[in-house]
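Taking it in order: structure first as structure tokens, then the write-up.
Only the coordinates and a few stated rules stand behind these numbers; no lab work does. Please read all numbers here as calculations on a predicted model, not as lab measurements. Neighbour counts run over all protein chains shown; Cβ positions are idealised from the backbone, glycine included.
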Amino acid sequence: MAMAALRREGRRIAAPLINPHPINPLRSSLASSDREHTLLGVRSISTQVVRNRMKSVRNIQKITKAMKMVAASKLRAIQTKAENSRGLWQPFTALLGDTPSVDVKKNVIVTISSDKGLCGGINSTSVKISRGLHKLNAGPEKECKYVILGEKAKAQLVRDSKKDIELAFTELQKNPLNYTQVAVLADDILKNVEYDALRIVFNKFQSVVAFVPTTSTVLSPEVVEREAEAGGKLGELDSYEIEGGETKSEVLQNLTEFQFSCVMFNAMLENACSEQGARMSAMDSSSRNAGDMLDRLTLTYNRTRQASITTELIEIISGASALEG
Amino acid sequence: MLRQAPRFLLRRASAAAMRWSRPFSTDLPAETAGDSKFVDAWKKLIPNIDPPKTPSAYMAPRPPTPSTIPSKLTVNLVLPYDSVLSAKEVDMVIVPAATGQMGVLPGHVATITELKPGILSVHEGNDITKYFLSGGFAFVHANSIADIIAIEATPVDRIDQNLVQKGLAEFQQKLHSASTDVEKAEAQIGIDVYSALNAALTG
């Protein structure tokens, strides 16, 4: 009866550890080593195996905790910058309005993403929104191109939209973000890409656990003039006196370029904050998960240990009783 | 795990409370009717994903043009890394427009102007605050709100005379030794900025 119970115990412990499709070497070695034990049904898996597993899970927990702390400190550094830059795009939206539904021939979608992974789902969200915008703005005579900032979006978009990718920039966060760098980048993009409307897709940082996918639209000077004549949100633009510069179109050109660089600066800062925040919560849930796994493994370890002690005792006692009787 | 849950919730709640006790002054969740066309078009084509938000959702709508001229001008001076003045009520501002110093009073006609490096002076009653701007744009709206967007703005008393002289000499040297158009343009920009700084200190 005790033997049957032990056999059942052994199979119960071994069952979660025997994976029909072992993925990593640790698991496959576990499977092979304890399969012979459970077939006998007498001795269950050795405590060594469980101890090794616990050690690796504990290391993973330490690593993810450290990554969370690093992300938290990086977030603190960049959050004040992002908050301070929020006033930068508001005058442009106040002047030129917000026109995401504008109908133009040449759309360029600027997707901002991170270079490193392990940051939750924000990059996938940005890519989904970019694809959605692409679909929304596709049509006869209309073309829609991508400009990608960051490795992660590039990896995802290259798979199905390779011919639509105009430019890709990576390794933007090697140095802390500052306006000069973004201005140079914006200049690069504006020089190399023909556009009527630029749609910037990024994750706005609302709080440490909330990131809202957002899209800002920057129109080219010709489209601004066209929309101003057509009326609607930009209709009041004609009532503004244009001072400085030589002609109205030059000033509008400078205005568009300035708007693009300001909006890009804010978008990149917000996305960087969102990345760090998402990494914090991803690493936090990973550490918690590792902690749970460690608890379960500790229970398994104790059960295994007690089972092996009981087995030894039974052997001794049955040996002794066999000698007597 | 259940034991840790209340501790975890408390930690999250306190973190959230810490965040929300400092509301973002430039963030206001106001949904405007202008994006409804975009939202509808999105929902028709891509029903499974929520449409992205647009900047107007994060901005308080500006007040309409009043019928009488208001007594004060509302000024916003923003830089990439800071909002120096936000919604400050003043009597007058003098901006360094590309065509010369331009004074803006409440009720000024709506204007878009490029700025060149120079001094911005903000007049509030009897106080005059002067900032040296490196350039940018200024919008004056019909509702007596002035938005000034510059790359750098420093109070004039923080500028060092010696460094200005040195910088001016250096860029003049660069202009003489410049060979390509790009170098000449860069040197010229440097000279413009430093001469404006010089004028700011002396004038």
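For this structure, a couple of remarks:
- Cut-off 13 Å (backbone N to label point 7 Å along Cα→Cβ of B:Leu201), residues of the stretch B:152-180: B:156-170
- Take the Cα of A:Ala210, step 7 Å toward its Cβ, do the same at A:Asn178, and the gap between the two points is 3.4 nm.
- Spacing of the two label points (7 Å from each Cα toward its C-beta) at A:Ser73 and B:Leu175, in nm: 4.7 nm
- Between A:Arg288 and A:Ala66, the simple spin-label model (points 7 angstrom out along Cα→Cβ) gives 2.3 nm.
- Direction-averaged projected area, Cα convex hull, the stretch A:37-166: 14.1 nm², rounded to one decimal.
- Sorted fewest first by neighbouring Cβ atoms within 10 angstrom, A:Asp284, A:Asp164 come out as A:Asp164, A:Asp284.
- Taken over the Cα atoms of the stretch B:53-203, the convex hull encloses 135 Å³ per residue.
- Loop-located GluC sites (Glu not before Pro) in the stretch B:97-176 (DSSP state not H, G, I, E or B) with no more than 12 neighbouring Cβ atoms inside 10 Å do not occur.
- Relative to the longest principal axis of the Cα atoms of chain A, the long axis of helix A:2-17 makes an angle of roughly 20 degrees.
- Within 10 Å of the Cβ of each residue in A:79-89, the mean number of Cβ atoms contributed by other protein chains is 6.
- Rg over Rh for the stretch A:47-90 works out to 1.45, both radii taken from alpha-carbon positions and Rh defined as the Kirkwood radius.
- Partner aspartates and glutamates for A:Lys68 [C-alpha distance under 19 Å; skip if fewer than 8 residues away on the same chain]: A:Asp115, A:Glu270, A:Glu275, A:Asp284, A:Asp292
- Take each residue in B:40-47, count the other chain C-beta atoms within 10 Å of its C-beta, and the mean is 3.
- Shielding by partners for peptide A:261-267, expressed as the average number of C-beta atoms from other protein chains within 10 Å of each residue's C-beta, is 2.
- The stretch B:114-203 - Rg (one decimal) and Dmax (whole number), Cα, Å: 15.4, 50
- Distance from the stretch B:110-180 to the stretch A:240-276 (C-alpha centre basis), Å: 18 Å
- Subset of A:Lys105/A:Lys135; A:Lys145/B:Lys43; A:Lys152/A:Lys204; A:Lys152/A:Lys174; A:Lys152/B:Lys53 violating a 20 Å alpha-carbon distance limit: A:Lys145/B:Lys43; A:Lys152/B:Lys53
- Highest to lowest packing among A:308-315, B:178-185, B:195-202, scored as the average C-beta count within 10 Å: B:195-202, A:308-315, B:178-185
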